[in-house]
Amino acid sequence: MLILTRKIGECIAIGDHIWVCVVSVRGKQVRLGIEAPPDVLVRREEICQQIVEKNRLSTQLPPQSADEIVGRK
C-alpha cells in the first residue's frame, strides 16, 4: 500500500483520469473529493463489504419461483 501525506487542497492522480483531493480535515475525519470518469465506480469500503455479504447470503437462500420473489402468489 502506498501511503502519502497531503494537505487540504492537495490532490493525487490515479492513472490519467482519476483525482483524489483532500477537501477538509476535522478531528479524525478527512473529507476526500474524487473526480473520475462516469464509467468508473467509486464506492466506500463498507458498501463493497455489504454487497459481498448480500451476494454471499443470496447463494444460501432456498430456491423461489419468480412469483414469490416479486410478491405474487
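Summary of values
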item: Subset of segment 1-17 that is closer than 13 Å to Val30 by Cβ and of a type in the set (D, E, K, R) - its residue that is surrounded by the fewest Cβ atoms within 10 Å (Cβ to Cβ); result: Lys7
item: All positions within segment 3-26 that are over 18 Å from Leu41 (Cα atoms) and in contact with a strand residue (DSSP E or B) (Cβ under 9 Å, 6 or more places away or on another chain); result: Leu4, Arg6, Lys7, Ile8, Gly9, Glu10, Cys11, Val22, Val23, Ser24, Val25
item: Search result, residues across segment 40-66 that are part of a loop (DSSP other than H, G, I, E, B) and modelled with pLDDT under 80; result: Thr59, Gln60, Leu61, Pro62, Pro63, Gln64, Ser65
item: Residue pairs meeting the criteria (Cβ under 9 Å; at least 6 apart or on separate chains; first under 18 Å from Leu4 (Cβ atoms) and of a type in the set (Ser, Thr, Tyr), in segment 15-36; second at pLDDT 95 or above and in a loop (DSSP other than H, G, I, E, B)); result: Ser24/Ile8
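The values are calculated or read from the model by the stated rules, or taken from the named source; none is laboratory data. Owing to the predicted nature of the structure, the values given are computational and were not obtained by experimental measurement. All Cβ positions, even for glycine, are placed from backbone atoms using ideal geometry, and neighbour counts span all protein chains on display.
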